[in-house]
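Colleague: Take a look at this one; I'll ask things after.
The values are calculated or read from the model by the stated rules, or taken from the named source; none is laboratory data. What you see is a predicted model; the values in this text were computed from it and never measured. Glycine also receives a Cβ, built like all others from the backbone with ideal geometry; neighbour counts cover every protein chain displayed.
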Amino acid sequence: MKNPYSNRKYIIKGVFLLVGLVFVIKLFFIQIIDKTYILSAQNNVIRLIYQFPARGLIFDRHDKLMVYNEAVYDLMVIPNRMQDIDTLELCELIGIDKETFVGQIEKIKHYSVRKASVFQKQISKETTAYLEEKLFKFPGFYVQPRTLRKYPLPVAAHTVGYVGEANRQLLEKDCYYKSGDYVGISGLEKTYEQVLRGRKGIKRVLVDVFNREKGSFQDGKYDTAMIKGVNLKITLDAELQEYGELLMTNKKGSIIALEPSTGEILALVSSPHYDPNLLVGRVRGKNYKKLQHDPLEPLFNRPLTATYPPGSVFKLVNSLIALQENVVTQHTKYSCEGPETRPIKCSHYHKSPLNMIEAIEVSCNPYFWKTFTAIMKNEDDIHDSFEKWRNHTLSFGFGSKFNSDLFSEVSGFIPEPGYFDKYFGEKGWRPMTIRSLSIGQGEILVTPLQLANLSAIIANRGYYYVPHLVKSIDNHKTEKNNREKNHTTIKPNYFDVIIEGMYQVFEGEEGTARWYKLDNIAVCGKTGTAENPHGKDHSVFIAFAPKDDPQIAIAVVVENSGFGATWAAPISTLMIEKYLTGTVKKKWVEEQMINVILISDN
Amino acid sequence: MGGRANDQCYFNFRQLRQRKGIFDNIDWVIIALYFTLVLIGWLNIYAAVYNESHRSIFDITQNYGRQLIWITTSLIIIFTILMIDAKFYNAFSIPLYIISVFLLVVVLFLGKEVAGARSWFQLGSFAFQPSELAKVTTALALARYVSSSSFNIKKKKAKIYIALLIGAPMILIYLQNDTGSALVYFSFLLVLFREGLSGKIMITGVIIIMLSVIALLVNKFIITGFLALIIIFTIMIIRRRKAIVIKLIGLFIVATGFVFSVEYAFENILEPHQQTRVNVLLGKEVDLRGAGYNVNQSKIAIGSGGFTGKGFLNGTQTKYDFVPEQSTDFIFCTVGEEWGFLGSLVVIALYIGLLLRIIMIAERQRSIFSRIYGYGVASIFFFHFAINIGMTIGLAPVIGIPLPFLSYGGSSLWAFTILLFILIRLDESRQELV
């Protein structure tokens, strides 16, 4: 007898075959077409183990250690390997309470129970030594060495900069950095990051689902060795830097000292300063916030980023341009009626008429107004005259960044003719309109560093090397663009006139800084007062010494302190004396400078 | 009636021949398929849990060493089954069924709870899962009942008996919290289909499953509206026939009610973890750390195998435990990872070959009992095969049932061996009316 439903066996066989076919098709897709699974599989099993090289050290120009590394330890935990832990004992060892412990573990577990996370950052060496002995009692916990920057001399915080954890933007931009890695955030630490950091060593190991190592991946074929960070020798003189910071106690402002023959920066003081050790380790976040909210802005790197009208020191530039353009000679005399002079009054009583050297000595405003007028009237069209003046000015390094290894410079501002066209119309301005420029006030803005460079240019009689901070990297000399002469547009012999004037500032009977002249050192300088529309004027001074073989060129700005002669000049000479002789003779001046408080509430 | 007399003669003759040796009439093809699959299983269990400190495949502290014990004991079981007279299985099918249902009740009270399911008897170091045995006895009892001469599938009474027969162990297993094993009993619908269960019931079943999936995926009001549109459209075409119109409206009401109750059932009957599994499967939830983790890791393991696989013992995903349950429910991952597409193809081909061979064997039986039992075996294997491999490649929900002969485990290997070899024993006497 034939079973009436016998044919249904075909349907059933068909269903079996259909399911088999569907499986084969799906397998074809996930095993052959879709390659992402292969990648996911590798991500599953290959862990990169990084070896962190020690960051390069930083030495000053006399090989004095300025920055080194101190070992600290992070307490790490892998939550799913924690077993039978005496929580209380561990809490006591690392000095936290049980609630913090539980909260922290919960947070870490939320991230991953299999991967290692930092449980407690930067435990001191002492605690670690103690902890390591007992660590066998706490499975799942281990310590991982890390290094922190340490500053044996708490100076030059702005210049050296600081190191912190790589932020998200950087992690996205540069795949070298992984979350938790340290990176230079400002100053030299940032500029020389690539050099200082070295290169992480990468070991590829196979791990199982519990993150346990199971051997190396392809016998270490793709592993890379760690490369140590390279040491930097910088141009700063740590002692001079420290002295400068001391002199600027309770003052706002900058000191920049350069070696004119090389462009090397000897001191770069930004005041108020802070101890770089504050921005290290666990306390960094808290301290950073505090510094950030300080009304005196200690984090602000004034020498490079503050801009001021240069004041009377700019008269030197105008004199040089006038000599170069042949609109005056060093013997040209102009008269001065003292405070009654128009359109610009003179702030000093002195003999009249006077020549250029005498005018520099007493910083006679009317003299330089007249000189400036001569420059501006040299061409038929003031636009052409101004353009010439501007080009000369730019050749001194004003109005642009030096673009060396300095972190976060600003350009300052030297206006173009078009700037005045916009305000006054093309025909609407005359020398009279821009008369402030003759005495370094008005529209121009310069940084203290540019002023120091001006001082170096004059010391060099007409050229400069780009101011820079690094002397050698791992005992190799730095890039040669630091050692290229940048010539100004002024003939060298004109500088001698100016230098004589600057010498008379100290030596002349009516010299504006005659009270601060040094016994055995021929110092050349020029006072300045930067007008400050927001409060008391800033005291400015530039100087170099010795006159005939300049070793140091300096610029000092003391904010809200009035005339240049009063504060910036003595601080400059103290710095010069200290650098050239290693000590200062007039201790009472030093004391007075250190003790005076010039921080006002504006 | 004459046929019966002839059968009787033949029967005696066969008995005479049988004494010459028990392997004379045996189906060697299916035996070969069985041993091939068991061997593949053992090697893959070795690869899945392989570790350096226990290199020997015979190390009985490891799953692969123990699997060898289960394989060896299976040989004893095979011999025993083949020694027993084929008539025994028919004659004792109902008592065996009653015993196994009884054991299922007892295990609810005396069983050991493993991973939330109370389905194991623990006798010393020996653990035994009565639900595995119940599959065999239910297949036998079903064959016995459906093959009885008074049975008529069209009758309501028959349907109720069948529902009770299949439903009793199913519900008991469900009560053990072993939903996966309970679902296996649905596979007997395939047997009933072969024996004349209306195709409409199967189609209705498929429609119900499809509607359930849609109901869980799409807003129920949209489905209702869509259904309404279809019904209205149909009515407009055939509006003259009033009886059909009424039927259609009735159908619409039932379907709407069903759609609404699916959501209710989903939220109130399924456990939260089961809900998540369904949601992950339907693509409504992506949860790679939770319920989706297993399937995702399983797909990574299989997918990373490529065309020829990473080679024996070179699968990193399974060996390093990224795939959970890698020697039991997810054993197919090791095949996919280490043997690649080719290896997977071979395993699937072996299963399809086994299934088709079983159907062939079932169809050549003179005895209706043997044929129905054969279909029972095929249905159970098919369900395990389809759900297990489907689960590892993300085509079926994660239901914890083993892959026959490949997955590690004594109870399941024994149960599948018993299931298959009773059929082989029956087939050996296929000319008899057992």
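Colleague: Inspect the stretch A:328-339 for any residue being surrounded by 18 or more Cβ atoms within 10 Å (Cβ to Cβ), under 43 Å from the mean Cα position of the chain (by Cα) and in the same structural domain as residue A:461 (by TED's automatic domain parsing) and give the result as yes or no.
Modeller: yes
Colleague: Oh, and also: For the structure I just gave you, tell me whether residue B:420 is outside any loop (DSSP other than H, G, I, E, B), under 30 Å from residue B:60 (Cα atoms) and either within 11 Å of chain A (Cβ to nearest Cβ) or without any contact (Cβ under 8 Å) to a residue 40 or more places away in the chain (or both). Step through it out loud before you land on a result.
Modeller: Working: outside any loop (DSSP other than H, G, I, E, B): yes; under 30 Å from residue B:60 (Cα atoms): yes; either within 11 Å of chain A (Cβ to nearest Cβ) or without any contact (Cβ under 8 Å) to a residue 40 or more places away in the chain (or both): no.
So residue B:420 does not fit the description; no.
Colleague: Find the residue count for the stretch A:16-36, including only residues that are more than 8 Å from chain B (Cβ to nearest Cβ) and part of a helix (DSSP H, G or I).
Modeller: Looking only at that region, the number is 5.
Colleague: Can you pull out every residue in the stretch B:139-195 that is touching a residue at least 24 places away in the same chain (Cβ under 8 Å), more than 21 Å from residue B:396 (Cα to Cα), assigned to a helix (DSSP H, G or I) and within 14 Å of chain A (Cβ to nearest Cβ)?
Modeller: B:146, B:147, B:191, B:192, B:194
Colleague: Next question, about the same structure. Residues in the stretch A:39-51 that are away from chain B (no Cβ under 14 Å) and either touching a helix residue (DSSP H, G or I) at 6+ places or on another chain (Cβ under 9 Å) or among the aliphatic types (A, V, I, L, M) (or both): how many?
Modeller: Summing the residues that are away from chain B (no Cβ under 14 Å) and either touching a helix residue (DSSP H, G or I) at 6+ places or on another chain (Cβ under 9 Å) or among the aliphatic types (A, V, I, L, M) (or both) in the stretch A:39-51 gives 2.
Colleague: Name the helices (runs of 4 or more DSSP H) wholly inside the stretch A:350-452 in which the number of residues that are over 38 Å from the mean Cα position of the chain (by Cα) and within 17 Å of residue A:312 (Cα to Cα) is 3 or more.
Modeller: Here the list reads A:365-376.
Colleague: Another one. Would you be able to say whether some residue in the stretch B:292-308 is hydrophobic (A, V, I, L, M, F, W, C) and at pLDDT below 80?
Modeller: no
Colleague: Report the residue count in the stretch B:352-381 for those that are within 8 Å of chain A (Cβ to nearest Cβ) and surrounded by fewer than 24 Cβ atoms within 10 Å (Cβ to Cβ).
Modeller: Count: 4.
Colleague: Further question: Any residue at all in the stretch A:156-179 that is surrounded by 14 or more Cβ atoms within 10 Å (Cβ to Cβ), more than 18 Å from the chain's Cα centre (by Cα) and over 21 Å from residue A:281 (Cα atoms)?
Modeller: yes
Colleague: To continue, here is another question. Do we find that residue B:201 is modelled with pLDDT of 90 or more and either crowded, with 20+ Cβ neighbours inside 10 Å or assigned to a helix (DSSP H, G or I) (or both) in this structure?
Modeller: no
Colleague: On to the next question. Residue B:145 fails exactly one of the following numbered conditions: (1) surrounded by fewer than 21 Cβ atoms within 10 Å (Cβ to Cβ); (2) touching a Gly at 6+ places or on another chain (Cβ under 6 Å); (3) modelled with pLDDT of 90 or more. What is the number of that condition?
Modeller: Tallying (1) surrounded by fewer than 21 Cβ atoms within 10 Å (Cβ to Cβ); (2) touching a Gly at 6+ places or on another chain (Cβ under 6 Å); (3) modelled with pLDDT of 90 or more, residue B:145 fails exactly one: (2).
Colleague: Considering (1) surrounded by fewer than 24 Cβ atoms within 10 Å (Cβ to Cβ); (2) part of a loop (DSSP other than H, G, I, E, B); (3) touching a helix residue (DSSP H, G or I) at 6+ places or on another chain (Cβ under 9 Å); (4) not aliphatic (A, V, I, L, M), say which one residue A:534 fails and leave the rest.
Modeller: Looking at each condition in turn, residue A:534 falls short on (3).
Colleague: Pick from the stretch A:54-70 the residues that are within 23 Å of residue A:145 (Cβ to Cβ) and assigned to a loop (DSSP other than H, G, I, E, B): which of them is farthest from the chain's Cα centre (by Cα)?
Modeller: My answer is A:54.
Colleague: Would you tally the residues in the stretch B:112-137 being crowded, with 22+ Cβ neighbours inside 10 Å and either more than 15 Å from residue B:178 (Cα to Cα) or touching a residue at least 60 places away in the same chain (Cβ under 8 Å) (or both)?
Modeller: Summing the residues that are crowded, with 22+ Cβ neighbours inside 10 Å and either more than 15 Å from residue B:178 (Cα to Cα) or touching a residue at least 60 places away in the same chain (Cβ under 8 Å) (or both) in the stretch B:112-137 gives 6.
Colleague: If you don't mind, another one. Return the residues of the stretch A:171-223 that are within 14 Å of chain B (Cβ to nearest Cβ) and of a type in the set (S, T, N, Q); say none if nothing qualifies.
Modeller: Selection gives A:211, A:216, A:218.
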